[in-house]
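Student: Got a structure for you, written out below as structure tokens; questions coming shortly.
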Amino acid sequence: MADGAPVSLKSRVSEAEWTARVELAALYRLVALHGWDDMIFTHVSARVPGPEHH
């Protein structure tokens, strides 16, 4: 059972994937900053780098 402590994802993914996650998070912050997060079509995504991911 989990003890409630947060688990770091950074140590479980590649450096390239971590960078993509950080950049995607930054994009979400920009979207919110410009007020684009209250519209119907607010989906942004990033492809997971590497040959094993689609």
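Taken together, the values in this text are just the output of simple stated rules run on the coordinates, not laboratory data. Quick caveat, the model's predicted, so the values are computed rather than measured. Neighbour counts are summed over all protein chains in view; Cβ atoms, including those assigned to glycine, are modelled from backbone coordinates with ideal geometry.
Student: How many residues does region 14-31 hold that are among the β-branched types (Val, Ile, Thr) and within 12 Å of the chain's Cα centre (by Cα)? Full working, then the answer.
Tutor: Our first condition is that a residue be among the β-branched types (Val, Ile, Thr); within region 14-31, this holds for 19, 22, 31.
From what is left, the residues that are within 12 Å of the chain's Cα centre (by Cα) are 19, 22.
Going through region 14-31 one residue at a time, the tally reaches 2.
Student: Report, by residue number, each residue of region 2-54 that is among the basic types (Lys, Arg) and either surrounded by 13 or more Cβ atoms within 10 Å (Cβ to Cβ) or in a helix (DSSP H, G or I) (or both). Quick ask: steps written out before the conclusion?
Tutor: Taking region 2-54 as the starting set, the residues that turn out to be among the basic types (Lys, Arg) are 10, 12, 21, 29, 47.
Once the filter is applied, which keeps residues that are among the basic types (Lys, Arg) and either surrounded by 13 or more Cβ atoms within 10 Å (Cβ to Cβ) or in a helix (DSSP H, G or I) (or both), region 2-54 yields Lys10, Arg12, Arg21, Arg29.
Rundown of residues vs (1) of a type in the set (A, V, I, L, M); (2) in contact with a Ser or Thr (Cβ under 7 Å, 6 or more places away or on another chain), yes/no style:
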residue: Glu17; (1), (2): no, no
residue: Leu27; (1), (2): yes, no
residue: Leu30; (1), (2): yes, no
residue: Trp36; (1), (2): no, yes
residue: Phe41; (1), (2): no, no
